[in-house]
Each structure stands twice: as structure tokens, then as C-alpha cells.
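The values are calculated or read from the model by the stated rules, or taken from the named source; none is laboratory data. On a predicted model such as this, the values are computed, not experimentally measured, just so you know. Here the Cβ positions follow ideal geometry from the backbone for every residue, glycine too, while neighbour counts run over all protein chains shown. Each accessible area value is taken on the protein alone, full model and side chains, heavy atoms only, with ligands, DNA and RNA left out. Shrake-Rupley method; radii C 1.70, N 1.55, O 1.52, S 1.80 Å.
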Amino acid sequence: MNRSDAATYVLPFLGALVFSASVGGAVLGGYAAVQEDLGLCGAPAISVTPPEDIDHNAPEGMVDPSWARLDYEELSDAEKEAFESAVGTVSGTGEVDGELEHEAAFSGGALVAYEGEEYYVAVETMNECVAVSGYVLPGGVVGVLVGLGLFYSPRLARMLAGRSDSEP
């Protein structure tokens, strides 16, 4: 294998590897740069399970004793709003637009007394923003461009030399 053959096969292979390794950085860096501005992060969500769906199969028919017990009136306004919207949906999920004051209780699961019934409430997602270095996006873009350059370099060299792909 001569030097020309090596360049014909090795450079596109290396280009494909560099390109593949860099796409993730470019996509993640781009997403991280705009997610907060587009409102794609920051608002946690809670899941509310109705009383008839709570598993009461614990010993003596009682619920898990480690679950916190809260009254609906103890919840913050944002938590109340999320709770009410979750109770009214099929998915049972409500987004907390504000501070999640009972995060510790909801993280381990809590029973909330509401209109004479106990609902199981848990944090479904904290929906935190992705935190990456400021160098991830430019590094990913540079990697993509270098990968494309390596991939197409043998073809570009032939074009610049005045030969077509069909010539030996």
C-alpha cells in the first residue's frame, strides 16, 4: 500500500471517527446554550396518585410508614396549583411553577390529605438545566468541521489536482 492509497482510505476513516465523536458535543453544547432562554428547564414536576391506586398491601393494610404526611393546606401556592392540575389530568402530573418547598418530603414520597382522601405525591422530575462547560459547543463544532475536512480531503485533493474519481 503506497502513501496515496493510505490517504485515500485512512483519512476518511479518521474523519468519520472525529465527526462521530464531535457531534454529541456540538448538539449538547448547543442545547445547553439555549435551554434556559427557551424555558426548557427549571420547573420541577410532581406526580399525584389517587387514593384508589395507592398500594395498601403493606403489613396490616397500612401504607409505608416512611412516607411523610402533609395536609393540603401546608403546601405552598405553587405546590397547590400543581397538585390540583395533576389531580385533574389522566397523567397525574403537575408542573410546579415556583419553589418546591416540600422537595425533601416529595422526593421520598408523601401522603397529602385533600378533601377527606389521601393522595400519594412524589417528585416526577426536577427538570434541572444541563450544565456543561462553555467549550463544549465550540469544541464540538470544530471537531465536526475537522472530521468533515478529513473525510473529504482525498476527494478535494483529487479535484484540486484536476483528476476525477473515475480516473486511477
By DSSP, what percent of the beta bridges with both residues in the chain are antiparallel, rounded to the nearest 5?
75
How far, in degrees from 0 to 90, does helix 136-161 lean away from the longest principal axis of the Cα atoms of the chain, to the nearest 10?
20
Gain upon complete extension [Ser153, Asp53; 0.36 nm per residue less C-alpha separation]
29.8 nm
Return a whole-number percent for the relative contact order of the chain, with Cα pairs under 8 Å and 6 or more residues apart as the contact set.
40
For the chain, what is the accessible area per residue in Å², given a 1.4 Å probe and the full set of protein chains?
63
Among Gly88, Gly24, Gly116, whose mean-square fluctuation peaks in a Gaussian network model of the chain (Cα, cutoff 10 Å)?
Gly116
Test item: Cα-centred dipole of region 72-168, Lys/Arg +1 and Asp/Glu -1 on Cβ, debye:
1720
Take region 99-168, compute every pairwise Cα distance, and split them into 10 Å bins from 0; I just need the percent in each bin.
15, 20, 14, 12, 12, 11, 10, 5, 1
Per DSSP helix of 4 or more residues, -39500 (n - 2.57); summed, then divided by the residues of the chain. What does that give at 222 nm, rounded to the nearest 500?
-15000 deg cm²/dmol
Once the mean 1/r over all distinct Cα pairs of the chain is inverted, what Kirkwood radius in angstroms do you read off?
20.5
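Report, in debye and to the nearest 20, how large the dipole of the chain comes out about its Cα centre when Lys and Arg carry +1 and Asp and Glu carry -1 on their Cβ. Working shown, then result.
Numbers: 6 positive and 27 negative charges, 507 e Å.
For the chain, the charge dipole is close to 2440 debye.
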